[in-house]
1. Report every pair of residues separated by at least 6 positions or lying on different chains whose Cβ atoms are under 7 Å apart, first residue within the range 120-132 and within 17 Å of R11 (Cα to Cα), second open to solvent by 80 Å² or more (accessible area, probe 1.4 Å) and of a type in the set (G, A, S).
2. Taking the range 1-19, which residues are modelled with pLDDT of 90 or more, open to solvent by 100 Å² or more (accessible area, probe 1.4 Å) and either among the aliphatic types (A, V, I, L, M) or under 16 Å from Q110 (Cβ atoms) (or both)?
3. Spot the failing condition for D123; the list is (1) open to solvent by 80 Å² or more (accessible area, probe 1.4 Å); (2) among the acidic types (D, E); (3) within 25 Å of H6 (Cα to Cα), and only one is missed.
4. Please go through the range 100-113 and give me each residue that is within 14 Å of F35 (Cα to Cα) and free of Cβ contacts under 8 Å to residues at least 24 places away in the same chain, ordered by number.
Amino acid sequence: MSSPCHCVHLRKAARKLGARYDAALEPTGINIAQFSLLRTIERRQPVSLTDLGKHLELDRSTMGRNVRVVEKLGLLQMARGEDQREAMVELSPQGTTTLRAAEPLWEQCQTEIEAHLGKDRLDALAELDRLL
């Protein structure tokens, strides 16, 4: 078993990439996972935890835990859906403010990563996402 594990390489690269985004977003008090969550909620709000999890490809329990962390930061508001069984999520005013502050930091990080990796590598990364 001498061949390198592709999964290990992908996970290491993902951690390094995530760390760059986390460092860029640090002044806002959120990390890249929370930024992504806030952006997704903003685009779909109000959105159920189930639909949010489906869109982000996370199971409902993981989605619930992630949402609770961001809710404790004051960035989300929770409510009940029409049938009262489903929790609905939307950004709080503070969440909107935090997201607006984070966007230019994310854009700058995005630009730096694009310059560092180049179009071919980024296209390959996008292709992996589509294939897997």
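The values are calculated or read from the model by the stated rules, or taken from the named source; none is laboratory data. All figures in this text were calculated on a predicted structure; none of them were measured in a lab. Cβ atoms come from the backbone with ideal geometry, glycine included; neighbour counts cover every protein chain shown. Surface accessibility is based on the protein's heavy atoms, side chains included, excluding ligands, DNA and RNA. Shrake-Rupley method; radii C 1.70, N 1.55, O 1.52, S 1.80 Å.
1. Listed pairs, sorted by first residue: none to list.
2. K16
3. (1)
4. R100, E103, P104, E107, Q110, listed by residue number.
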